[in-house]
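Reading through the C-alpha cells given below for one structure.
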C-alpha cells in the first residue's frame, strides 16, 4: 500500500476522517471528521487564530455569513468570471476541467473522445423563501473573502484602525468542483483561514514578502518539513480577474506537488467594485493627513483540510523494530495532537491501580484532552497511542501505590522516566509551550 493509502486507512480506522453519508452508500467527495479528526482540525484553527489574530493587534476577527446577498457575487465578478471550462468524455461520460488536462482531445481515463468545451459555474445555488424563482436565488459562498470586504466599513466605524490592518476569519466555503479527489485535498465543502490585509499601495511588495514568510513559518511550526515546500508564481494567464500577483505555497503531497496555500495581491479591486455596486463609501481616511483613499489588499488564504493532510503526510512514519515488527507513529507537534497524554493502569484487574489511574485521568483532563486505556497488554496500548500521535503515555503501576510516582513514556524517543503525580500537569504544560 502506498503512503496515501496508508494515511487514508489510518484516518478511517482510528477515527480521524470518515467517508460522508457512508451507511447510505456515501456521497462522493464529502467527508466527516471523527473524534480525533475534529480535535486535530480545531487545534489547527486555534493555532492559526492565536498566531494571526490574537497575537496581532492590527488584525480583527470576523465570523461572516455563509449566505450573502446575491448582488455581492455579481459585484465581485463571481457570477461572470468564476467559471470553469469543462469537457465530457463521449465514451465513459466522466467530466474534467479543461485546464487540468494534458491532452485536450483525449479522455485521461479511457482515451475516448472529448466533447466541446462548456462553461460551468462552480457555485452551489439555493433559494431563500418558499418560492423558487429568480428573485429568490442565493448562493452558498465559494470563498470567505467577500464577507470581509462588505464588513470593511463596519470595522472602520467600530474600531478606527490605522493602516496597515487586517480582517480575518475561519469558515466554510462550497464549490461544485468538476475535478475532485485525492482524499480531502479537493472536496465539495471545505474550510478556509483567510485574511484581507489592507495596506498603502506603495508598500505592497514588502508586505507581500512578509506574508510569504509568515504563511510558511506557520505550517513549518506545526510540523511540516520546510524542504517539502516551495513557492510558485502564477503566470499572467492564470491570474484571477482581481489579482495583480498571486503565488502558491506548494507542498510535496504523495500525488505530486500541489497548492497548499495561496497569496494574492488584489490591489483595490474589491473595495472599489463593492463601493460602485452598493453605493456606499468604502474608503479609508488617514487621521494624520486627512486624506481619503481606497486601500490596497494582500490576501493570505490557507485551507484547513490541506493543512490537515500535509501535516499527516509529514508526520506519518513506519519504524522497523526487527523481530518486534513495525511501529506506526504520527509525529504530530504536541500542540495540535488530539490527545496530549494517555493514562494506563498497568493491569486492568487490580482495583487499586485502576482507581489510581482514573484519579490521574480526572486530574489531567481538567487541563487538556487525555485518553484512558486499560485494554490489552501495555505494549499494544503504547503502539495504539503512537499511531494517533499522542505525545506522552502515563502508566500507573505497583510502585505508584507506594510513592505516588508514575512512568511517563515519550512517543518519539520511547524513553521512560518516573515523575511524581503532582508534577505531571506542570511537566506537560511546559512541554506544550
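Name the strands (runs of 3 or more DSSP E) wholly within segment 318-414 that hold at least 3 residues that are within 22 Å of residue 34 (Cα to Cα)?
326-330, 341-345, 370-372
Just checking, does segment 27-35 include any residue being surrounded by 15 or more Cβ atoms within 10 Å (Cβ to Cβ) and within 21 Å of residue 331 (Cβ to Cβ)?
yes
Which condition does residue 138 not pass, out of (1) more than 26 Å from residue 276 (Cβ to Cβ); (2) at pLDDT below 95; (3) assigned to a strand (DSSP E or B), if it passes all the others?
Going through (1) more than 26 Å from residue 276 (Cβ to Cβ); (2) at pLDDT below 95; (3) assigned to a strand (DSSP E or B) one by one, residue 138 breaks only (1).
If I ask for residues that are under 24 Å from the mean Cα position of the chain (by Cα) and surrounded by fewer than 20 Cβ atoms within 10 Å (Cβ to Cβ), which ones from segment 144-170 would you list?
151
Would you check if there is a residue in segment 97-105 being modelled with pLDDT of 95 or more and loosely packed, with under 15 Cβ neighbours inside 10 Å?
No - not one qualifying residue is present in segment 97-105.
Count, please, the residues in segment 174-186 that happen to be touching a strand residue (DSSP E or B) at 6+ places or on another chain (Cβ under 6 Å) and crowded, with 18+ Cβ neighbours inside 10 Å.
Here the count works out to 3.
Mind checking which residues of segment 241-265 are within 18 Å of residue 145 (Cβ to Cβ) and in contact (Cβ under 8 Å) with a residue 60 or more places away in the chain?
Selection gives 241, 242, 265.
From the residues in segment 1-26 that are outside any helix (DSSP H, G or I) and touching a strand residue (DSSP E or B) at 6+ places or on another chain (Cβ under 6 Å), which one is surrounded by the most Cβ atoms within 10 Å (Cβ to Cβ)?
Among them, the one singled out is 17.
This table checks each residue for (1) within 23 Å of the chain's Cα centre (by Cα); (2) assigned by TED's automatic domain parsing to the domain that holds residue 114; (3) touching a residue at least 24 places away in the same chain (Cβ under 8 Å).
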site	(1), (2), (3)
48	yes, no, yes
56	yes, no, yes
59	yes, no, yes
79	no, no, yes
88	no, yes, yes
97	no, yes, yes
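The values are calculated or read from the model by the stated rules, or taken from the named source; none is laboratory data. Every value quoted in this text rests on a predicted model; they were computed, and no experiment measured them. Using ideal geometry, Cβ is built from the backbone for each residue, glycine included, and neighbour counts are taken over all protein chains shown.
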